[in-house]
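Comments concern the structure below.
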Protein chains: 4
Amino acid sequence: MSFNTFGHMFRFTTWGESHGPALGTVVDGCPPGLALNEGLIQPFLDARRPGQSRFTTQRQEPDQVKILSGVFEGRTTGTPISLMIENVDQRSKDYGDVAKAYRPGHADYAYDAKYGFRDYRGGGRSSARETAARVAAGAVARLVIPEVSVLGWVSAIGGDAIDPANFDAAEITRNPFFCPDAKAAARWEALVDNARKAGSSLGAVVECTATGVPAGWGAPLYAKLDAELAHAMMGINAVKGVEIGDGFAAAANTGEGNADPMRPGAKAPEFLANHAGGIAGGISTGQPVHVRVAFKPTSSILTPVPTITREGEATELFTKGRHDPCVGIRGVPVVEAMMALVLADQKLMHRAQCG
Amino acid sequence: MSFNTFGHMFRFTTWGESHGPALGTVVDGCPPGLALNEGLIQPFLDARRPGQSRFTTQRQEPDQVKILSGVFEGRTTGTPISLMIENVDQRSKDYGDVAKAYRPGHADYAYDAKYGFRDYRGGGRSSARETAARVAAGAVARLVIPEVSVLGWVSAIGGDAIDPANFDAAEITRNPFFCPDAKAAARWEALVDNARKAGSSLGAVVECTATGVPAGWGAPLYAKLDAELAHAMMGINAVKGVEIGDGFAAAANTGEGNADPMRPGAKAPEFLANHAGGIAGGISTGQPVHVRVAFKPTSSILTPVPTITREGEATELFTKGRHDPCVGIRGVPVVEAMMALVLADQKLMHRAQCG
Amino acid sequence: MSFNTFGHMFRFTTWGESHGPALGTVVDGCPPGLALNEGLIQPFLDARRPGQSRFTTQRQEPDQVKILSGVFEGRTTGTPISLMIENVDQRSKDYGDVAKAYRPGHADYAYDAKYGFRDYRGGGRSSARETAARVAAGAVARLVIPEVSVLGWVSAIGGDAIDPANFDAAEITRNPFFCPDAKAAARWEALVDNARKAGSSLGAVVECTATGVPAGWGAPLYAKLDAELAHAMMGINAVKGVEIGDGFAAAANTGEGNADPMRPGAKAPEFLANHAGGIAGGISTGQPVHVRVAFKPTSSILTPVPTITREGEATELFTKGRHDPCVGIRGVPVVEAMMALVLADQKLMHRAQCG
Amino acid sequence: MSFNTFGHMFRFTTWGESHGPALGTVVDGCPPGLALNEGLIQPFLDARRPGQSRFTTQRQEPDQVKILSGVFEGRTTGTPISLMIENVDQRSKDYGDVAKAYRPGHADYAYDAKYGFRDYRGGGRSSARETAARVAAGAVARLVIPEVSVLGWVSAIGGDAIDPANFDAAEITRNPFFCPDAKAAARWEALVDNARKAGSSLGAVVECTATGVPAGWGAPLYAKLDAELAHAMMGINAVKGVEIGDGFAAAANTGEGNADPMRPGAKAPEFLANHAGGIAGGISTGQPVHVRVAFKPTSSILTPVPTITREGEATELFTKGRHDPCVGIRGVPVVEAMMALVLADQKLMHRAQCG
């Protein structure tokens, strides 16, 4: 879990820039014998793919994945799985502005400060295009945890939250917002449209639940399941906050109000609440694992913002290009992928130590 | 960063249980030649030490640290620094209840599910006593980053938040709550006292700022500074949420409202806002690094809660023992320590790659 | 340094099988700003490339490397460098024999025992073709250590050793054996030719020296420079032994005979001998780092050898296909690459800890 | 496997110097539920302990191990096992000579070059006393692999080798040399005595075999079983060479001579030879895993050797103090420990990936 590699036993390394010839990932440590082909990965990439509605960036990328290694006769061999996605629609626009000045809120200045220079085309390595590689790796991770069902959705855009009473999982794929509340989806259409037309952008909250995780996954003390999830989620572009279970609401609660009582159950104990989000002491309890993730509004807006040039002089920048008015929307498949990747890793780690 | 080790280049491994003979940490990768002795570590342990006011657990632990290796003639040698803290006040109480049944909200059930059995005395390895080792390691980390100043405080207890307008850093050490707002501290005295007397508990929010971090620390893409901080903080006992900069508030904002404009500065660019919390693209920007951490109320309360026995039968448990009515309070030195540990690690990683 | 990743700070991950569409490596942690293009990598691949003389396998692979990421305007950006080499000459021969039975001395049986099945085409992942990826990564590593000069050669084939008195570095590239002794090269021509014609194979010893390594590289205690080199070399296909400095000869020596006396030198101490191979206590001394590596004869021979089928029945196998009569010869560029990779990693690690 | 930590899933970190108050290790990732107490570790430490015969250093260290964590009611809990050994016989001698000048062949100069200064008392961290911690960790590792039997011995001292025809495992514990050949043991008595009296020292070869390792352990490609063993062995103080199976002899052999034919066996295939040392393609074959390790003669001799002072001036040093005339002898328990540690780690890694 350093630099461009994530995971302990089930690991993936990503590579590639927004405007390079391709991007990809090498998935290592995958158990052998799992059925795998491009068709099992592509649907997840399609869900994340840009250009599918007017609410996401209009860059047209087919995001076709190719398996280059690690699969033989349709099954994983236990050796590294190399997945590649070619970049197709790198528009040869003029990057002069971005090359010379720092887009505020983007990684431009920080990259320059760290590395001395940067690939400024489309954000280079800091572009959210890299998350396509995570989604591809996540599709493989799902095969490692067939007992687990991972479901993500958007629960708020620009401060307008869904009504939990309206939650309908089937609704999530019926609108372009991954929204489980049909009424909220209707409101968001106007909300996001207005932001898009105004050249503005909106933040969002993404939630994700993993059901079927058995009690006992998690590796104390510094690879705790919740710590790993926090790491995974905070590492996604534009994410600024992570909650497990009740999160910050728990900080305003009392011990009585936050209790998750237990009673005997058929196969496993039954919990009468899940304030903990399915994790206690860094280890899964058998309840659904639940995470909430805050995506900031993208800093790519049409309003000019004061900034400086590479030479340190004052200037202003606004972002032309093609951008998501609400990056949180396409964050859903990424959050799901990271959830699957963390759980696959923890499953293997648990198996290593506890047999 | 796996199991009981944290960090990449500046690493520490902790060991020890609540009621074992001792606990400790091995700090590895520390640069050589730094002045170090017990006196430079002890003040941080003293700040975390229990039994100092009626608002924390009454367990009396001197938490005296001993340096067992890695220091010669008062300076670090570059070899592992072994730090040990003996447990003194393990009260020989009857643990029959806890041994036989699972305390809801604690790690008891999850540990049993994972390992098949557990050291039930005081929570064993899952006890917050382990954080003493982190605080000791954090004191060493501070020596690695003398350019950085780390400051933590409690910003809310049980939902009662400080008024930012009253923020006074000097106030933090003047009250038993690490509270920078004298008025809030006065309110909290009654609030926490009532909870303590009622055998209840309260959640809290801890904040921490690191000033002096130069632009350029952070290691994309899966050891991003913000991801590492999220990992570090979510791995602290009782933590359920982490925010960098504006966190979840950013998710309700627009791109314009969330912008951090820049203008030329004397030595480095000047930022006109810090919604980002000092981190862009996973790399420090030179602004103060700011994190918010949600601590749940401890599950150790006097109100009986339904639970099950190890044999799976229904029962009820309430927690006798000595416990913190608000564990978030003593979380401040731990959050500060983890901030210092992450930054020291990132500094060395940056130096490795970028010279 | 786990599974398919090698290194701590300067790391590379390889992927690909002998008969897949391609193989490659992702180099991570490379310092930014280094001049890099395909032309700086290709010569090293050409040196390792098969089919260049009758003394190596006749498989024709151009081994053209493509840089897919991590380089912008001719310089490394500090982000992952993805290198890909397409497989061209995967002969569509009948692998029926190898699919059904285990080639003795090869990884066939062990892979099946571990993974339950295997990609049997050309050895799959266990093929020495993977070493092309290491050689490509090694070319990048050399850019990280411009102060170091790495030189490898074959010092013995089939037990016939060079005469150190004849050592001439310029000779190494003048014969197809990487042999620094012109007389030995002449003898080996007949020796290897006979083995080739007889369908036999020969073992070899490869040596490698790194000059210019400053004193102080190496990371005690379990990332010692010599331990890392041993790991790197023993991980090359067909290697069965590694020596640093005098190696096993030291085990037959006395303390007096093995001493490396020192005297004052111009810039650094001068050593009067180098029995230690440039490493003391796991740390470089400033003398040339010297390693000797034993390559076994390839198990691919025309003489039938008793073995068993996947179903456990007795059979015999001999190896058709195209194979190296002496795999040690093409081991030279691989040993050099691993030397460069270990040193680049140690340089960065040293810089991290010791500034 | 970096700095002072070894292993991937079953990991240990060591700390401590020759003349500090104590040394120790933290064993992490150990499976829960294994019976463990000091009595199961002490015999291995006793075997390594100095001062037991006139053929080893006369430093008197009881090397009593204390378990400080990770064990509850006599069983491992799955949490870190902290083991501590106090230093007792740090003779308060005058270290003036060693402080001011570099002992040739020792780590003195390299440590100073790396860290700027060093703990010169008894070699500090570079002392072979650290290996006591490895032996303690190795005792725990043996519990993880009850199916495996690890046996080490000395096969040559100062170039005088045992006769394999005389090999008798029962003999190993009957003489002070861990020698399986009674006749060789008798010869070595005079050999080592003469070296000791002359203030000289002798190199040695240690061999070690692990029987019972099932086929399938090993983690390609950079955590191969043989590569990990090479790393483990080359990291032991004074080791300069490692061979798996036939090692360098294989480099002088032909494919026919080096073949390990197979035939059907009762439970597993039967091998008709073991040139490979039980490892093919980096994965165990089910045959005994066999390693040979070259220990140099200690550089601590009474003959003065030219060297330089810290200020760079010429001087001479000879080693007073108490030293082993043949450090290879006490290397046997260390080699055994490292074999057990590598195998325990590989077992857990195999279980993680392959279930």
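Coordinate-derived values only; no laboratory data. Since we're looking at a predicted model, the values are computed, not measured. We place every Cβ from the backbone using ideal geometry, glycine too, and count neighbours over all the protein chains shown.
Just going by the charge dipole of the stretch C:148-284, with Lys and Arg at +1 and Asp and Glu at -1 on Cβ, which of C:Gly235, C:Gly281, C:Ala184 is farthest out on the positive end? Of the listed residues, the answer is C:Gly235.
The phi-based Karplus calculation (6.51 cos²θ - 1.76 cosθ + 1.60; θ = phi - 60°) puts the 3J(HN,Hα) values of the stretch C:246-253 at 6, x, 5, 5, 4, 5, 9, 10 Hz, whole numbers, x for Gly and Pro. Placing a label point 7 Å from Cα along the Cα-to-Cβ axis, D:Gln60 is separated from the same position in the other copies by 4.0, 7.8, 8.8 nm, shortest listed first.
Using Cβ point charges alone (K and R +1, D and E -1), the dipole size of the stretch C:284-355 about the Cα centre works out to roughly 300 debye. Summarising the amide proton neighbourhood of C:Ala101: residues at separation of 5 or more, or on other chains, whose placed amide H is nearer than 5 Å comprise C:Arg310.
Computing FRET efficiency as 1/(1 + (r/R0)^6) for D:Ala165 and C:Gln60, where r is the C-beta to C-beta distance and R0 is 51 Å, gives about 0.55. Taking every residue in B:272-281 and counting other chain Cβ atoms within 10 Å of its Cβ, the average works out to 5. Projecting the Cα positions of A:His290, A:Cys30, A:Gly247 onto the charge dipole of chain A (unit charges on Cβ atoms of Lys, Arg, Asp and Glu, taken about the Cα centre) puts A:Cys30 furthest along the positive direction. Magnitude of the charge dipole for the protein assembly as shown, about its Cα centre and with charges confined to Cβ atoms of Lys, Arg (+1) and Asp, Glu (-1), is about 0 debye. Under unit Cβ charges (Lys, Arg +1; Asp, Glu -1), what dipole magnitude, rounded to 20 debye, does chain A have relative to its Cα centre? Dipole about the Cα centre, nearest 20: 520 debye. What angle do you read, to the nearest 10 degrees and between 0 and 90, between the alpha-carbon axis of helix C:131-144 and the longest principal axis of chain C? Long axis of C:131-144 versus the principal axis of chain C: about 20 degrees. With R₀ fixed at 41 Å, the C-beta to C-beta distance from C:Leu40 to A:Leu302 puts the FRET efficiency at about 0.45. Helix A:327-354 versus the longest principal axis of chain A: what is the Cα-based angle in degrees, 0 to 90, to the nearest 10? Helix A:327-354 sits at roughly 40 degrees to that axis. Across identical copies of the chain, B:Thr211 has label-point separations of 5.0, 5.5, 7.0 nm, listed in ascending order, with the point defined 7 angstrom from Cα along Cα→Cβ. Here is how the number arises for chain B: DSSP H runs of 4 or more residues each give -39500 (n - 2.57), the sum is divided by the residue count, and the result at 222 nm is -8500 deg cm²/dmol. Compared with the dominant principal axis of the Cα atoms in chain D, helix D:38-48 is inclined by about 60°.
Distant-in-sequence amide contacts of C:Thr5, defined by a placed amide H-H separation under 5 Å and a gap of 5 or more residues or a different chain, comprise D:Leu221, D:Tyr222. The string of couplings for the stretch D:102-108 from the Karplus curve (6.51, -1.76, 1.60, θ = phi - 60°) is 9, 6, x, x, 8, 7, 3 Hz, one whole number per residue in order, with x for Gly and Pro.
The mean sequence separation of alpha-carbon pairs under 8 Å and at least six residues apart, normalised by the residue count of the stretch B:5-354, gives a relative contact order of 23 percent. Projected label points at C:Lys100 and A:Asp193, each 7 Å from Cα along the beta carbon direction, are separated by 6.8 nanometres. Here the extension length gained between D:Arg174 and D:Ala273 equals 32.7 nm, from 0.36 nm per residue of separation less the Cα-Cα distance. With the highest mean first, a sort of the peptides D:343-355, C:96-108, B:236-248 on other beta-carbon atoms found within 10 angstrom per residue produces B:236-248, D:343-355, C:96-108. Counting only other chain Cβ atoms within 10 Å of each residue's Cβ, the peptide B:65-75 averages 5.
Sequence-ordered 3J(HN,Hα) estimates for the stretch B:13-29 from the Karplus curve with 6.51, -1.76 and 1.60 and θ = phi - 60° stand at 10, 10, 8, x, 10, 4, 10, x, x, 6, 9, x, 8, 10, 9, 10, x Hz, glycine and proline given as x. Across identical copies of the chain, C:Gly159 has label-point separations of 2.1, 8.6, 8.7 nm, listed in ascending order, with the point defined 7 angstrom from Cα along Cα→Cβ. A cut-off of 5 Å between modelled amide H atoms, ignoring neighbours fewer than 5 places along the same chain, links B:Gln287 with no other residue. In the frame of its principal axes, the stretch A:5-354 has Cα extents of 65, 50, 38 Å, reported largest first. Considering only B:Gln52, B:Asn175, B:Pro146, the residue lying farthest towards the positive end of the dipole of chain B is B:Gln52, judged by Cα position with unit charges set on Cβ.
Nearest chain D C-beta to the D/A rotation axis, reported as residue and distance in angstrom, is D:Ala352, 2.
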